Amino acid sequence: MGVARAMLVSDRGVIEAGITERVRAAIEVESIEVELFDRVRVEPTDESMQEAADFALDGGFDGFVGVGGGSCLDTAKVADLVATHPAAIMDYVNHPVGGGRKPPSPLKPLLAIPTTAGTGSEATSVAVLDIPEQRVKSGISHRYLRPAQGIVDPELTRTTPAAVTAACGLDVICHAAESYVARAFDSRDRPEIPRPPALPGLEPRLRGLVGQGARVRRALPAPRGRRRRRHGGARGDGGGRRLGSAGVHIPHACAYPTASLKHEWQPPGYEVDHPFVPHGFSVMYSARRRSGTPTVAIRRSTPTSRGGSPLRSRSRPPTSMPRPSRHCCGR
């Protein structure tokens, strides 16, 4: 990637698990200078991202590495964006919340290493942030934000707490379901910059979706199973690629105000110093409130002896959905 000095972005939990130091050592072996930014906020705000961006501006980095969950990877994206094309973060936030400014050219190289299996941030062109002053959650979306490379290693999810595993799994389900029932690529207005059609969001009759729901349930009591971690990593990364091309819509659009308006709840299983609603929980709550969507059926289904669901054989996706909001994830 041609990097001589890199900014390593991570959070306290990932650092305490020993993952960040291993990544740092691997980078330094290649004679690349590394400086760690360890103040990532779980569910980042405009203020926390601005702190990372200022750190990047002052550091003179020519490359970035994000290690952690979606919060770490999104923070690394924004730090890279501002370091490459200096401006206030709110100038880049999607219109009408922010200025909707677009970067004029590609960013510096970013290597994304997820330690959770859910957000798919290593494969998306979106960075999501909370804006407490406006009581809204929005994002920055542009194709240049997509990381140059991603390393999805299921072994890095070994230390993920059960509650985080659950929230990530719910996010994967919604990514798959929403991208699957979004408006067909060939029915949309032609974009200025053509994009490829979405990868198949789900197998026929929602098999991938139901299978992921079953794996979330089985993973919670014993998240150390190698096969389950491998499947979770693949589905998290695949969900990110699908939402990056097909987009998400109603559940995610409703999840953002849910999370931004509720700053009083301290989620169990998250070792953080501030209240927040995990993204996976808020998006699934929005999805399950719309009766008739696949997620409601999954919530009511029971696994078969083969680990599947009765939905495999008789459930079909909705034939139509309202037009997706263009303000959700910038689409």
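You will find that of Met1, Met7, Met49, the residue that is closer than 18 Å to Gly60 by Cα and assigned to a helix (DSSP H, G or I) is Met49 and no other. Just one of the listed residues (Asp80, Asp74, Asp130) is of a type in the set (Asp, Glu), buried (at least 19 other Cβ atoms within 10 Å of the Cβ) and in a strand (DSSP E or B), namely Asp130. The residues listed here are Ala117, Ala148; of these, the one that is touching a residue at least 60 places away in the same chain (Cβ under 8 Å), surrounded by fewer than 24 Cβ atoms within 10 Å (Cβ to Cβ) and in contact with a Pro (Cβ under 9 Å, 6 or more places away or on another chain) is Ala148. Could we say that Gly60 is surrounded by fewer than 16 Cβ atoms within 10 Å (Cβ to Cβ), assigned by TED's automatic domain parsing to the domain that holds Leu110 and touching a residue at least 40 places away in the same chain (Cβ under 8 Å) here? So Gly60 fits the description; yes.
Select from the range 253-289 the residues that are of a type outside the set (A, V, I, L, M), within 14 Å of Gly118 (Cα to Cα) and either modelled with pLDDT under 75 or in a helix (DSSP H, G or I) (or both) and list them in ascending order.
His279, Gly280, Phe281, Ser282
Remark: Arg24 falls outside the filter, which requires a residue to be assigned by TED's automatic domain parsing to the domain that holds Pro106, among the basic types (Lys, Arg) and part of a loop (DSSP other than H, G, I, E, B). Residues in the range 1-14 that are at pLDDT 95 or above and either under 24 Å from the mean Cα position of the chain (by Cα) or among the polar types (S, T, N, Q) (or both): Ala6, Met7, Leu8, Val9, Ser10. In the condition set (1) over 21 Å from Val3 (Cβ atoms); (2) surrounded by fewer than 24 Cβ atoms within 10 Å (Cβ to Cβ), Ala123 is compliant with all but (1).
The values are calculated or read from the model by the stated rules, or taken from the named source; none is laboratory data. On a predicted model such as this, the values are computed, not experimentally measured, just so you know. Glycine also receives a Cβ, built like all others from the backbone with ideal geometry; neighbour counts cover every protein chain displayed.
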